[in-house]
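> This is the structure, below, for whatever I ask next.
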Amino acid sequence: MKLKLIITIGLLTATLGTKACDICGCGVGSYYIGILPEYNKRFIGLRYQHKTLQTHLGPLGQVTPLTTDETYQTAELWGGWNVGKRFRVLAFVPYNFIQKSSQDANVSKNGLGDVALMGYYNIFTNSNTVNSKLLVHSLWLGAGIKAPTGTYEAAEKLAVQDNPNNFQLGTASTDFTLNGAYDVRLNDLGMNVNVNYKINTENKYGYRYGNKLTTNALLYYKFRLFHKFTIAPNAGLLYETAVKDVEDNKYEVAVSGGYSTSVVTGFEFAMSKLSIGANYQSVVAQELANKRAKAGNRLMLHLSVPF
């Protein structure tokens, strides 16, 4: 009964939002975690993310002569550390490469993004036998903080009144996250659920990005090869939603907020000293920035080393 209740709560959380920005996965605010690489004590690694976005669309979401194509690439140093059996810390140091092109000009920026730190506490990890099969499940809850280490250009917002304030390396605000991770596995078949709620504060320029919910639920199966390697194909859903941004603590920004739903497919490969993973996120439903923005499909790659 307890297991059924947890799975039900996890699935509901992964499909419901707050009504949707850092436009749902692009720009300065992506907190997709997915399935962590296998490690016992610590790991360190690199992640690469590639995302695209169309902005300055017409009132009905149509492409116009003013439409801008934007590309967001991030090379991210990340790592995890289990402290004892109950605590886990994750750290993210992103370096962003962003560019946009339109009929008028091509513009690019690159630089350090906003560094984030997340801490988790293990509520439980249980294992037992069900019909001669091993059932293992665990629940981690925690919180995090994001520092304003990336460059924010207030002039960028003033220059594009009808565009999302998304073409930034950072938010210039100290923000906070509430996090949850649940994993259940019956022998080698499992499900992983992650929930992240980001609480944004107003920056010194009087701008506050909308709070954002990111959730994903992934099914996976672990194939164990030659007692040395593990490969785990996985598939599931990613849902992101954000409320509208606010200026001067009172004015809602019309071209902000929204939601997107993506189908995720990928794999995780692990050996004793190396983990490699990849996933492709195909957007199947969205409504962003009052239909003035459209997100494209995304790719994420990672390589990590346990130690």
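> State all residues of the stretch 33-88 that are of a type in the set (Asp, Glu) and either assigned to a strand (DSSP E or B) or at pLDDT 95 or above (or both); if no residue qualifies, say none.
Result: 69, 70, 76.
> Restricting to strands (runs of 3 or more DSSP E) lying wholly in the stretch 190-261: which have 3 or more residues that are crowded, with 22+ Cβ neighbours inside 10 Å and at negative phi?
The qualifying strands (runs of 3 or more DSSP E) are 212-221, 229-242.
> Same structure, new question: Between residues in the stretch 261-274 that are of a type in the set (Lys, Arg) and residues that are part of a strand (DSSP E or B), which pairs lie under 8 Å by C-beta distance while being six or more apart or on different chains?
273/305; 273/306
> Ok, one more. Among the basic types (Lys, Arg) and farther than 21 Å from residue 25 by Cβ: is that true of residue 204 in this structure?
Considered against the rule, which asks whether it is among the basic types (Lys, Arg) and farther than 21 Å from residue 25 by Cβ, residue 204 comes out as yes.
> Any idea which of 284, 305 is more than 28 Å from residue 137 (Cβ to Cβ) and more than 16 Å from the chain's Cα centre (by Cα)?
Residue meeting the stated conditions: 284.
> Could you check residue 276 against (1) modelled with pLDDT under 95; (2) within 30 Å of residue 136 (Cα to Cα); (3) not polar (S, T, N, Q) and say which number it fails?
Against the list (1) modelled with pLDDT under 95; (2) within 30 Å of residue 136 (Cα to Cα); (3) not polar (S, T, N, Q), residue 276 comes up short only on (1).
> Contact list please: Cβ distance under 7 Å, first residue in the stretch 282-306 and on the phi > 0 side of the Ramachandran plot, second residue part of a strand (DSSP E or B), pairs at least six apart or on different chains.
Listed pairs, sorted by first residue: 289/258.
> For the stretch 45-82, name all the residues that are hydrophobic (A, V, I, L, M, F, W, C) and either crowded, with 16+ Cβ neighbours inside 10 Å or within 24 Å of residue 175 (Cβ to Cβ) (or both).
Result: 46, 53, 57, 75, 77, 78, 81.
> Further question: Quick check: is even one residue across the stretch 159-167 over 25 Å from residue 66 (Cβ atoms) and among the aromatic types (Phe, Trp, Tyr)?
no
> Okay, moving on. Report, by residue number, each residue of the stretch 104-142 that is surrounded by 17 or more Cβ atoms within 10 Å (Cβ to Cβ), touching a Lys or Arg at 6+ places or on another chain (Cβ under 8 Å) and either β-branched (Val, Ile, Thr) or not in a strand (DSSP E or B) (or both).
Residues satisfying the conditions are 114, 115.
> Another question about this same structure. Condition (residue is in a strand (DSSP E or B) and either over 16 Å from the mean Cα position of the chain (by Cα) or hydrophobic (A, V, I, L, M, F, W, C) (or both)) applied to the stretch 167-178: is it met by at least one residue?
Yes - at least one qualifying residue is present in the stretch 167-178.
The values are calculated or read from the model by the stated rules, or taken from the named source; none is laboratory data. None of these values were measured; they are calculated from a predicted model. In this analysis, Cβ positions are derived from the backbone assuming ideal geometry, glycine residues included, and neighbour counts consider all displayed protein chains.
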